[in-house]
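Worksheet for the structure shown next.
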Amino acid sequence: MMDVLLDGGLALSLPFLAWLVLHTEALSQAVVLFVAMGLMSALAWARLEAPDIALVEAAVGTGLTGALLMHTLSWTEETTPESHTRATRWVWDILAASALTGVLGWAVLVLPTDSKGLGPEVAARLADSGVEHPVTAVLLNFRGYDTLLEIAVLLVAALGARAVNPRTDRPSLETEDDPLTGELFRMMTPAVLLLAGYLVWVGAHGPGGAFQAGAILAGGGVVAILTTRMGTPRMSSRRVRWALLTGPLLFVAVAVAPLFTGGRLLEFTPRLAGTLIFVVELALTVTITLVLLMFFPGARPPKVEPEGTP
Amino acid sequence: MSSWVLYALSGMAMFSVGLVGLFAHRHVVKRILASNIMGSGVLLVLVALARRVPSGAPDPIPHALVLTGIVVSVSSTALGVALARRISRLQAAESDSARSRPEGS
């Protein structure tokens, strides 16, 4: 009974929160509601027995996206200009959304329910994959292409974000005078490092892995940007460039290596698979952390100074 | 009704709300939020479908796809925010120069 109430409440609250996000006038309220929605969906994913996804959602989907959107608000106007003129249209919005939900829901509900899915196949090959956790096995062994290309997507997005806003914003000087935030960061750092290290290591046996660890490290990095004098990493620095390339280069090397010994692309020999996956995950953690950190544009929003003013 | 059906319907509703919002709003932050909501809806449907098999553990393949999806969606959001920031900077510079020109001439 409790389960049904919990599931029903969550399932109802998610679209409702989504609707609120899009229909509140103040943008800061919308972003706060969006973060709340992300936390609720992390809860939903925990209920659906997907702890890996719940972890990533809580850290990346909600934490970092929320921080990015909050930062966005500092340079945009607070209320949307069209919000008061379109107050009468929300009935039509609800009608359109319900009709669409009905059609899509029907399409899913008529799916055959006797299909076993790919779960049994993954379970049958799990022993050959070198890890014990099925999601990690799928990500880094059975469907390694996806993860390799995903890293490429991350790199391209970081390059694009940096290309349109090449200047990093220097940290403001007043943060160093604040004893509380600096102390918070000093106290937090060991815990963040320990947690991230544990998540990489545990990825082989249970929920965890490079994405979760990278997200948590990047979260710590955002706190560092906001509270200490550390700026966003600069693309012009050689060290930053090499760190960005650690994951992709190592992954490509591991993927290509079997070609020289008569194997196929991304084929891991079962004996070495566990070690290789761990090394690749460590390298990916470095890249993911840095890419996610570079998305965050810096401590201070750039104030556009009117050029003509004295 | 098993719980995956509830979550799948909830995901569809999120997707629909996001799609309608994407067309209804013109403000760039609202549009970024709407596309994020649509993405969350799709991912929720995928995870719910992974639970469709009545017995045993959920299907790990959709889980891996959704993990990839979340990371890709945060990078698309970051790129969108960066573009929006650039646009607002250019617009501000343009309106400033438009304002200062009549005075100067």
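The values are calculated or read from the model by the stated rules, or taken from the named source; none is laboratory data. All of these numbers come straight from a predicted model, not from anything done at the bench. Glycine gets a Cβ as well: all are built from the backbone with ideal geometry, and neighbour counts include every protein chain shown. Accessible surface is based on the protein model in full, side chains and every heavy atom, while ligands, DNA and RNA are left aside. Shrake-Rupley method; radii C 1.70, N 1.55, O 1.52, S 1.80 Å.
Can you find a residue in the stretch A:237-246 that is modelled with pLDDT of 85 or more, farther than 19 Å from residue B:67 by Cβ, under 22 Å from the mean Cα position of the chain (by Cα) and among the β-branched types (Val, Ile, Thr)? Checked the stretch A:237-246: at least one residue is modelled with pLDDT of 85 or more, farther than 19 Å from residue B:67 by Cβ, under 22 Å from the mean Cα position of the chain (by Cα) and among the β-branched types (Val, Ile, Thr). Contact map, the stretch A:1-14: residues that are at the interface with chain B (Cβ under 7 Å from one of its Cβ atoms) and more than 17 Å from residue A:33 (Cα to Cα) paired with residues that are open to solvent by 20 Å² or more (accessible area, probe 1.4 Å) and among the basic types (Lys, Arg), Cβ distance under 7 Å, separation 6+ or inter-chain. Pairs shown: A:7/A:47. Return the pairs, sorted by first residue and then second, in which the second residue is open to solvent by 30 Å² or more (accessible area, probe 1.4 Å) and in a helix (DSSP H, G or I), the first residue lies in the stretch A:243-265 and is more than 15 Å from residue A:283 (Cβ to Cβ), the beta carbons are less than 9 Å apart, and the residues are 6+ apart or on different chains. That search, which allows pairs on different chains as well, returns A:263/A:257; A:265/A:145; A:265/A:256; A:265/A:259. Please pick out the residue among A:101, A:85, A:65 that is at pLDDT below 90 and either of a type in the set (Ser, Thr, Tyr) or within 16 Å of residue B:27 (Cβ to Cβ) (or both). Checking each option against the conditions leaves just A:85.
Report, by residue number, each residue of the stretch A:193-213 that is surrounded by fewer than 24 Cβ atoms within 10 Å (Cβ to Cβ) and away from every other protein chain (no Cβ under 11 Å). Passing the criteria: A:193, A:194, A:195, A:196, A:197, A:198, A:200, A:201, A:202, A:204, A:205, A:206.
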